[in-house]
Amino acid sequence: MHKKLLILFIGCVCAASAIAQKIQSPAEFLGYELGSQYTAHYRIVEYFKYIAAASKNVKLVNYGSTNEDRPLMVAFIASDENIGRLEDIRKNNLALAGINQSGSFAPSTQPATQGSTANAPVIVWLSYNVHGNEPASSEAAMQTLYDLVNPANSATKAWLKNTVVAIDPCLNPDGRERYVNFYKSMKGADADPNPASREHSEPWPGGRVNHYYFDLNRDWAWQTQKESQARVGYYNMWLPQVHVDFHEQGYNSPYYFAPAAEPFHKDITGWQKEFQTTIGKNNAKYFDKNGWLYFTKEEFDLLYPSYGDTYPIYNGSIGMTYEQGGIGAGLAVTTNTGDVLTLKERIAHHHSNSLSTIETASANASRAIEEFKKYYDNSRSNPTGEYKTYVIKNDNQDKLTALTDLFSRNSIQARYGIKAHATGYNYITKKNEAFDVEPADLVVSAYQPKSVLMHVLMEPKTFIADSNTYDITAWSLPYVYGLKTYGVKESLKADQKTTITDVTLTPPPAQSPAIEHPYAYVSAWQSISDVRYMASLLKKDIKVRYAETPFEAAGKPFGAGSLIVARAGNDDDKTFDTDVSSAAAEVDRQLTALSTGFVDKGVDLGSGSVHYLKAPKVMLVSGESTSSANLGEIWQFFEQQIKYPVTLVNYQDMGRAKLGDFDVIIFPDGNYDNFPSDKLQTWINDGGKLIALQGAVAQLDGKKGFDIKKKDIDSTKIKPSAKLYADRNRSAIESTIPGAIYKINLDNTHPLGFGFPNYYYTLKLSDDIYKLMDDGDWNVGTVKKDGYVSGFVGEKSLNRVKEGLLLGVQPMGRGSVVYMVDDPLFRNFWENGKLLFANAVFMVTQ
C-alpha cells in the first residue's frame with residue numbers, strides 16, 4: 001500500500017514538474033493564434049518577459065525607452081554553456097574587432113585586448129518592426145523566440161551550440177501602437193479584404209514613424225532620435241556578425257530578401273556579398289518548398305549608410321533587409337492578382353526567414369568569425385579609401401564638438417594635439433593644397449577599427465556604381481557640419497614635442513565675469529549651441545539684443561548676429577548676472593563681460609544697428625496637408641534641440657485660429673489647398689513672418705503679391721529621342737536629384753546668413769530652382785553654374801540647377817516671407833542647416 005502511494009506521489013511530482021517546465025507558445029500565452037489579430041505592444045513585452053523567466057537560455061535586456069515611455073528591449077538566446085558567459089562572449093567579440101569592453105575605440109596608447117576565435121559563437125541579431133505600420137514582424141519575433149527555447153525543437157538546440165541570437169522584437173513601439181490602435185478601431189466584426197475598405201487606409205501621419213514623425217530606419221548613423229541613440233549605442237557594444245532588419249512593403253509585392261541590388265558601396269567586401277547570397281539561397285530553399293513568391297537583387301541597394309542593413313555592413317556585419325508585402329494589408333487584403341494575403345501568411349514568411357538565417361549562420365559560424373576578425377584587422381592595418389587621414393580645421397569649435405560627439409557615438413577615433421605640415425584635398429576649393437595642422441584641429445586616422453564607417457561618412461564624393469538608388473547619394477560630414485576639411489593620402493605624425501591625445505575637446509566652461517557689475521555680456525552667434533543659449537534667455541524673459549554688423553570689444557572680434565545682453569532693459573531683474581551666467585553654463589557658452597558700451601571697433605552697443613530681439617510666438621502648420629517628415633524635423637528642432645515653445649496647428653483649423661497671436665508661421669513641405677489665404681496675406685502685411693519650405697515655396701510661385709517664380713525651362717533645347725522600354729526606369733532618373741550636395745553663395749550680411757561664411761552647403765532633393773527676385777527683395781542664397789559638389793544628379797537636372805535662387809527674403813507690408821527651397825533640417829542630421837533655420841525664425845526682420 002505504502003509502495004503504491006509512493007509511486008503515485010512520485011508520478012504526481014513528475015507530472016507537475018513536466019507541466020511547470022512546459023513553455024507556452026505565443027498562442028497559448030496570448031489566448032489566440034498569431035495572425036488572428038494584432039498583438040498590443042505591452043503584450044509582446046509581457047511574452048518576452050515570460051519567456052525570460054521560464055527559460056534558462058534567455059537573458060532579457062532593457063536598453064532604453066521611447067518618447068512615449070514604452071520599453072525598448074532585446075532578448076539574448078544561447079545554449080546552456082553560453083548563456084552564463086554572455087558578457088565574456090561580448091567582450092571577446094569586441095576584442096576581435098580591436099575595440100575595448102565598453103564598445104568604444106582603444107586609444108592608440110592602449111592597444112585593445114586580442115580576442116580569440118577559438119570556440120567563439122557567431123552572433124545573429126534580428127531587428128523587427130522599425131516601421132510601426134509594418135507590424136507582422138513583431139508577431140513573427142514571438143514565434144521565433146519560442147522556437148529557439150522550445151525544448152522539443154532539436155534543430156534550434158543544435159544551432160545554439162555555436163550561435164548567440166539577439167531578438168529586438170520592436171524597434172518602434174510608438175509607431176506600432178499608432179497603427180495597431182488605428183486598425184482595431186476601424187475593423188468590423190471580420191476583416192474586410194477589399195482594398196477600398198477604410199481599414200486599409202491609414203490616416204496621417206501613419207504608424208511608420210516614431211513620435212516625432214522620424215523614419216528610424218534612416219537614423220542608424222546619425223542617431224538624432226531617442227530610440228536610435230539607445231539602440232545603436234547598445235548595438236555597438238556587441239557588433240554581431242549577422243544583422244537582419246525586418247520590414248514590409250506594398251502588399252502587392254512578393255517577398256524580398258538578400259542578396260541586395262546595386263549600387264553596392266565600393267567598401268563592401270567580397271565576403272559580405274558572398275555570404276548574403278549564401279543566406280539568400282537557404283531562405284529560397286524554404287520559400288521554394290512552400291511555393292511562396294520572392295525576389296532578390298532588385299530595388300533595395302546598399303549605399304546610404306544609415307539603414308538597418310548598411311550601418312551593420314559598414315561595421316563588419318552581414319547586414320540585410322527582408323521585405324514582406326503587407327503595408328496597409330490589415331488582417332487580410334485582396335492583392336492585384338486576386339489572391340487574399342493574410343497576416344498569418346506574412347508572419348509565416350518572416351518566421352521562416354528568421355530561422356533560416358540563424359541556421360545558415362550556425363552552419364558557417366567559424367568562417368563568419370574569421371571573416372569578422374579579418375575585416376577589423378584590415379581596418380586597423382590596411383584600411384581602404386584614398387585618404388589615410390582627415391584633418392578638420394577648428395574654425396568653429398561648437399560644430400567641431402558636435403562632430404566629435406557623432407564620432408564618439410559611432411566609436412570612431414579622432415585626435416587633437418597634432419602639429420604638422422601636410423598636403424591634402426581641400427573640400428571647399430576642391431583642390432590639393434599645402435596647409436598647416438594645428439593642435440586644436442581634429443585629426444581622424446584611417447588606421448582604426450571603425451575605418452570603413454569613418455571613410456563612408458567622411459569621403460568627399462561617394463562612388464556610385466549604379467545611379468538608380470533608393471535614397472540620398474551624398475552625406476559627407478564636412479559639408480553636413482560646414483567645416484573646412486582636408487583629405488590627406490598619408491598618415492600624419494605629430495611633432496616630437498607634441499602630445500597626442502585621444503580625448504574629446506570641449507569648449508571652455510562659461511566663465512564668471514571678472515568685471516564687477518558689467519555693462520553688458522556678449523556671446524557669439526555661430527552654432528546651434530548659441531541658439532539654445534538665446535532660447536534659454538528669452539524663456540527667462542531676459543531682454544536680448546543682437547548686432548547687425550561685426551564689431552570688436554574687450555580685444556575680441558564679434559561677428560554679425562552676436563548676442564548682446566545689456567543691463568539696460570533688464571534693470572528689474574535682481575538676479576540678472578546670475579541668470580545670464582547660469583543660462584550660459586547650462587549650454588557651455590563662454591561670455592565676454594564688457595564694462596562699457598563704447599566698443600573698440602564698429603558700432604557702439606546703443607547704435608541703431610544693435611537690435612532688440614523679440615521672443616517670437618511661433619506657429620508650426622501641421623496636419624494631413626503637410627509632409628510629416630519635414631514637420632517632424634521642425635517640431636523636434638524646437639522641442640528637443642533648442643527647447644523653445646512652438647504651437648502646432650492643423651492647416652484645416654487655421655481659418656478659426658487667431659493669427660494675430662503669432663509672430664512667425666512656418667509652412668513645412670506639403671500640399672495646401674487655398675494657399676495662401678487672404679487671411680494669411682493680411683497677417684503678413686500686418687507684420688507677420690511666413691517661413692515657407694520646399695513644396696510650400698512652389699505653391700507660392702505665381703501667386704499675387706509673392707515675388708518667387710520658378711526658372712523657366714527652355715523646351716527648345718530638349719530634343720526627343722527614341723528610348724527602349726526596358727530603360728524606362730533609368731530614363732526617368734535623368735530629371736531627378738535623389739539627394740546631392742550643392743554649394744550656395746550666401747549673403748552673410750543679411751540676417752538669414754548671420755554666423756556663416758559667404759557660402760553654405762545645401763542638400764538638394766529636387767531640381768527646384770527659382771529666378772532671382774526683384775530689387776527690394778533679398779536674394780540671400782544663390783547657386784552658380786559650378787555649384788554642384790557631390791552626389792547623383794540626373795543630366796537634365798544638372799543643366800537646370802544653376803544661376804538661380806535657393807534662399808530668399810521678401811518684405812511684404814510690415815511683414816516678410818522667407819523662402820527656403822531646400823530642407824535645412826534634413827532628418828535633423830544636417831547640422832549646418834540648424835543655424836540657418838534659426839536665423840529664419842529669430843533674426844530675419846527683427
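The values are calculated or read from the model by the stated rules, or taken from the named source; none is laboratory data. Because the structure is predicted, anything quoted here is derived from the model rather than measured. FYI the Cβ positions are ideal-geometry reconstructions off the backbone, even for glycines, and counts take in every protein chain you see. Ligands, DNA and RNA are excluded from the accessible area calculation, which covers all protein heavy atoms including side chains. Shrake-Rupley method; radii C 1.70, N 1.55, O 1.52, S 1.80 Å.
Say whether the condition of being farther than 21 Å from residue 703 by Cβ and outside any loop (DSSP other than H, G, I, E, B) is met by at least one residue in segment 599-607. Yes - at least one qualifying residue is present in segment 599-607. Annotation: of all residues in segment 340-398 being β-branched (Val, Ile, Thr) and open to solvent by 20 Å² or more (accessible area, probe 1.4 Å), the one that is farthest from residue 93 (Cα to Cα) is 340.
Hey, which of the strands (runs of 3 or more DSSP E) in segment 748-846, taking only ones fully inside, have at least 1 residues that are touching a strand residue (DSSP E or B) at 6+ places or on another chain (Cβ under 7 Å), open to solvent by less than 10 Å² (accessible area, probe 1.4 Å) and polar (S, T, N, Q)?
759-764, 788-790, 804-812, 815-820
Here is a yes/no grid of residues against (1) over 18 Å from residue 264 (Cα atoms); (2) in contact with a Leu (Cβ under 7 Å, 6 or more places away or on another chain); (3) among the hydrophobic types (A, V, I, L, M, F, W, C):
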{"site": "299", "(1), (2), (3)": "no, no, no"}
{"site": "308", "(1), (2), (3)": "no, no, no"}
{"site": "311", "(1), (2), (3)": "no, no, no"}
{"site": "321", "(1), (2), (3)": "no, no, no"}
{"site": "331", "(1), (2), (3)": "yes, yes, yes"}
{"site": "350", "(1), (2), (3)": "yes, no, no"}
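Tell me the residue from 617, 689 that is in contact with a Ser or Thr (Cβ under 6 Å, 6 or more places away or on another chain), farther than 30 Å from residue 216 by Cβ and touching a residue at least 12 places away in the same chain (Cβ under 8 Å), please. Before the answer, list the steps.
Working: 617 fails: in contact with a Ser or Thr (Cβ under 6 Å, 6 or more places away or on another chain).
Every option except 689 fails the conditions.
Taking each residue of segment 194-206 that is in contact (Cβ under 8 Å) with a residue 12 or more places away in the chain and of a type in the set (Lys, Arg) and looking for partners that are outside any loop (DSSP other than H, G, I, E, B) and open to solvent by less than 70 Å² (accessible area, probe 1.4 Å) with beta-carbon atoms closer than 7 Å, six or more apart or interchain, yields 198/186.
Among the residues making up segment 617-636, those that are more than 22 Å from the chain's Cα centre (by Cα) and open to solvent by 10 Å² or more (accessible area, probe 1.4 Å) are 617, 624, 625. Within segment 171-184, residues that are more than 18 Å from residue 231 (Cβ to Cβ) and open to solvent by less than 10 Å² (accessible area, probe 1.4 Å) sit with their Cβ atoms under 8 Å from residues that are assigned to a helix (DSSP H, G or I) and not β-branched (Val, Ile, Thr), at 6+ positions apart or across chains, in these pairs: 180/41; 183/199.
Okay, residues lined up against (1) under 16 Å from residue 632 (Cβ atoms); (2) more than 28 Å from the chain's Cα centre (by Cα):
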| site | (1), (2) |
| --- | --- |
| 173 | no, no |
| 177 | no, no |
| 187 | no, yes |
| 196 | no, yes |
| 207 | yes, no |
| 215 | yes, no |
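Contact map, segment 346-360: first residue without any contact (Cβ under 8 Å) to a residue 12 or more places away in the chain, second residue of a type in the set (Asp, Glu) and open to solvent by less than 10 Å² (accessible area, probe 1.4 Å), Cβ cut-off under 8 Å, separation 6 or more or different chains; the map is empty. Going by what's in this entry, would residue 67 be described as surrounded by 11 or more Cβ atoms within 10 Å (Cβ to Cβ), farther than 29 Å from residue 179 by Cβ, under 37 Å from the mean Cα position of the chain (by Cα) and at pLDDT 95 or above? Criteria not met by residue 67. Taken over segment 516-550, the criterion of being more than 16 Å from residue 842 (Cβ to Cβ) and among the hydrophobic types (A, V, I, L, M, F, W, C) is satisfied by 520, 522.
Filter segment 556-593 for residues that are at positive phi and at pLDDT below 95; which is surrounded by the fewest Cβ atoms within 10 Å (Cβ to Cβ)? Spell out how you get there, then give the answer.
First, pick out the residues of segment 556-593 that are at positive phi: 561, 569, 588.
Among the residues that remain, those that are also at pLDDT below 95 are: 569, 588.
On the way: 569: 13, 588: 16.
So, considering only residues that are at positive phi and at pLDDT below 95, the one surrounded by the fewest Cβ atoms within 10 Å (Cβ to Cβ) is 569.
Just so you know, in segment 493-548 the residues that are of a type in the set (Val, Ile, Thr) and modelled with pLDDT of 95 or more include one that is nearest to residue 400 (Cα to Cα), and it is 528.
The single condition from (1) touching a residue at least 60 places away in the same chain (Cβ under 8 Å); (2) assigned to a strand (DSSP E or B); (3) in contact with a Lys or Arg (Cβ under 7 Å, 6 or more places away or on another chain) that residue 443 fails is (1).
Hey, can you tell me all the residues within segment 661-718 that are hydroxyl-bearing (Ser, Thr, Tyr) and modelled with pLDDT under 95? Those that are hydroxyl-bearing (Ser, Thr, Tyr) and modelled with pLDDT under 95: 715, 716.
Any idea which of 813, 794 is farther than 23 Å from residue 609 by Cβ, small (Gly, Ala, Ser) and over 26 Å from the mean Cα position of the chain (by Cα)?
Numbers: 794 fails: over 26 Å from the mean Cα position of the chain (by Cα).
Sole residue among the options that is farther than 23 Å from residue 609 by Cβ, small (Gly, Ala, Ser) and over 26 Å from the mean Cα position of the chain (by Cα): 813.
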